[in-house]
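Read through the structure below, which is laid out as structure tokens, and then see the notes.
No lab work stands behind these numbers, since they all come straight from the coordinates. A quick note: this is a predicted structure, and the numbers were derived from the prediction, not measured. Here the Cβ is made from the backbone with ideal geometry for all residues, glycine too, and neighbour counts use every protein chain on show.
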Amino acid sequence: MPDHCKPSSIGEGQAGSLEGMQIGELARRAHTTTKALRYYEAIGLLVPDSRTPSGYRQYGPNALDRLAFIRAAQALGFSLGEIRGIVGLRDRGETPCEHVLQLLRNRSSEIAGRIADLETLRGELDRLAEQGERLDPRDCVSSSVCHIIGSNPESPPPSTGPRHGRTPDVPT
């Protein structure tokens, strides 16, 4: 088993510092904001190693690794909830590799679907552009906004397939 998939001790990625960094120093070194770090703490992604007697958060150097992981996972399109699940497995001493592989497969399938939707949309856009180039602007009637796109309420909408992240128009 590769080292990166071996179980870890509880709290790996956060504990083990001799000298703690306060939140401002961690934010500076991680190229983020203290607000983001407080948010990550609030949702369970980052836990300070300790607090000073006056209540300041103290983070060990492994917190930088945790933040780099969070940033890399976000760049892959993982939600903070998905990242929290991965981090939670690691913090419980479990290897998150199988879970991560499933998330990667799911994300890849989602992207394949979005690409197919975008290719369909591009075909529709190209078709409308070609159609628009053949139309005479003098034929545009004032009762429609633009005759290239069409504004006949009785004509069916373009068949571009499901649009991810959008609610379809529903007649009222």
Give me Asp126, Asp139, Asp91 sorted ascending by neighbouring Cβ count inside 10 Å, so fewest comes first.
Asp139, Asp126, Asp91
Amide H neighbours of Tyr59 under 5 Å, counting only residues 5+ apart in sequence or on other chains, H built in-plane at 1.01 Å?
Met21, Gln22, Asp49
